[in-house]
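Read through the structure below, which is laid out as structure tokens, and then see the notes.
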Amino acid sequence: MYISPRFTGRLILLVAFLLLQLSFTNTARALPRVQGMEELEELREEISLLNLLRGLYLSEDQITQICEIAVEANNAVKSTASPILRDKDVIVATFADLRNKLFQAPGQETQSQQKAQQINDRLKEAQEKALEHLAKLETRVTRVMTSAQLEIIEGFVPCLIPPRDLKNPVRVGQAGAAEGPLARMTELIYATPEDVWSERKMILLGKVVQKMEEKSGKLSDSMRSDLLSRLTETAKKIRATDQVDFALKKGDLADEFLLIDHTRRGARGQESLGKVGKWFLSETALRILPRWKDAMAAGMDQVTEADSTNDDFKIEPNTSEMANRLKSTLARLYRKGGKNKGLPPLEQIQNRIDKAEKSKDPMELAHAVLETIDSLASAGIARHIINKALVQLIRGVSKHLKLPLINEKHDPYGFFAELKRAQDAPSPEEAFQGLRKLADMIVRFKKL
């Protein structure tokens, strides 16, 4: 099991008291150290860990669990080191005595060697006990992570600035796939209507490449073209999956976006587990993970909800309440003169809502709402009322689908920009045309 130098240093037996053993077994390790640069080494380790975390996209729950295990590891190390620290003066004096005897004539060191060996055996036993405990804790950390995240850790090299390397997802800003951004992107690709995908797929995939370039630097034209081709083929495979298989294999499908060579896993045996322990059972992890969790919580993506519209046409899981509210809204519009504007009878439109409600599917009801809005629009109901209803429908469906369709920060298909353009249109009619087109696309996304 591989343990980092700083983490090893936390065990007195591996710093102050293992020097003798190291000198006997591997003199070449005794490299000179620059005194007074410990703070710089800590900063290097923190920077490397943060580079790794940027590529792992750990969920809040994962970070919480790993922090708890890291604390347990820290307590285990302290427990092992405590009795040794208690006897520190005796241990140091015994080894110092052996060193001094070695300056004397041969044979003078025998008794000192025996005493030092007894202590060394004690230290070795404590070391093995500590490492055995840490190995079990490391196994628990690996169970918290996805297979894709473990792949990333296996291939990660400590660095200040990750180099451009498309074979390593950490270096292009990609995540562990079973959950997080890649899983959401996989769902988005699968849920997109065919005509919308044909028209807008390069917007989404282009943003993926752009995000990679932000992390690793600008790619050459040929590399960018190759990457887009690979992403397109992966997306094609996702979209060709039937619904049952998608539900079962979503994590595996998302994993294909990692663009890494999976045959590397297993070739190096347990070393990947050693790296998990190195990075996440260390003092560095104890310092960084809580701050990372806070930073991620503060930077959570927010869907902009700038409109002050009410909830007349809001989409929600409770289809019964939703239907009753819609019918009440329609009745109010009729009382304001809708019947004289050429609308179908109120009962006919309300029956449309009731029929959709029986399905208990909010998306069925969303289609009924869109049809009702069309009826209101064709009858000449004021465009500002129609446009308000369309905005509510667009935002409500997006929220119900739990897809980032109307998302100012990422805007994967350009829908947010189109919504703002429609709302800022110079005339209510132009706004209606833009909003109606957007609503038609969004109500046809699959609910996963």
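The values are calculated or read from the model by the stated rules, or taken from the named source; none is laboratory data. These numbers were taken from a predicted model, which means no experiment stands behind them. In this analysis, Cβ positions are derived from the backbone assuming ideal geometry, glycine residues included, and neighbour counts consider all displayed protein chains.
Considering only the range 96-109, I want to know if a residue exists there that is in contact with a Leu (Cβ under 6 Å, 6 or more places away or on another chain) and in a helix (DSSP H, G or I).
no
Scanning the range 415-436 for residues that are among the basic types (K, R) and under 13 Å from L393 (Cβ atoms) returns a single hit, R436.
Here's the yes/no breakdown for (1) at pLDDT 80 or above; (2) in contact with a Ser or Thr (Cβ under 9 Å, 6 or more places away or on another chain); (3) not in a helix (DSSP H, G or I):
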site	(1), (2), (3)
T304	no, no, yes
P317	no, no, yes
A331	no, no, no
E371	yes, no, no
